[in-house]
1. In a loop (DSSP other than H, G, I, E, B), more than 17 Å from E88 (Cα to Cα) and not aliphatic (A, V, I, L, M), is that true of T39?
2. Can you go through I10, I36 and tell me which one is at pLDDT below 90, aliphatic (A, V, I, L, M) and surrounded by 13 or more Cβ atoms within 10 Å (Cβ to Cβ)?
Amino acid sequence: MKTKKIPMRICLGCSEMKPKKELVRVVKSPEGEISIDLTGKKSGRGAYICRNAECLKLARKARKLEKSFSCKIEEAVYDKMEEELANEQ
């Protein structure tokens, strides 16, 4: 029997390759709204980050999400994402 391929993604915070199910998807919708997609099914451009707040802080400091989405991200959006990650755990 063939082994099933596990999709791998890179975390923007720690730059480690991990299975997609272990990461949280941050999505930029076609309208330009940036949010955390816990289901992984929202439409739009996606970037992945570990489920801990430390990786989000590293990505925020290095502006990795802004580079990935090619747009400026407000501080309030980062604060909201940190809050959502804390509530999810």
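The values are calculated or read from the model by the stated rules, or taken from the named source; none is laboratory data. Everything quoted here is computed from the prediction, not taken from an experiment. Here the Cβ is made from the backbone with ideal geometry for all residues, glycine too, and neighbour counts use every protein chain on show.
1. Taking the combined requirement at face value, the residue does not satisfy it.
2. I36
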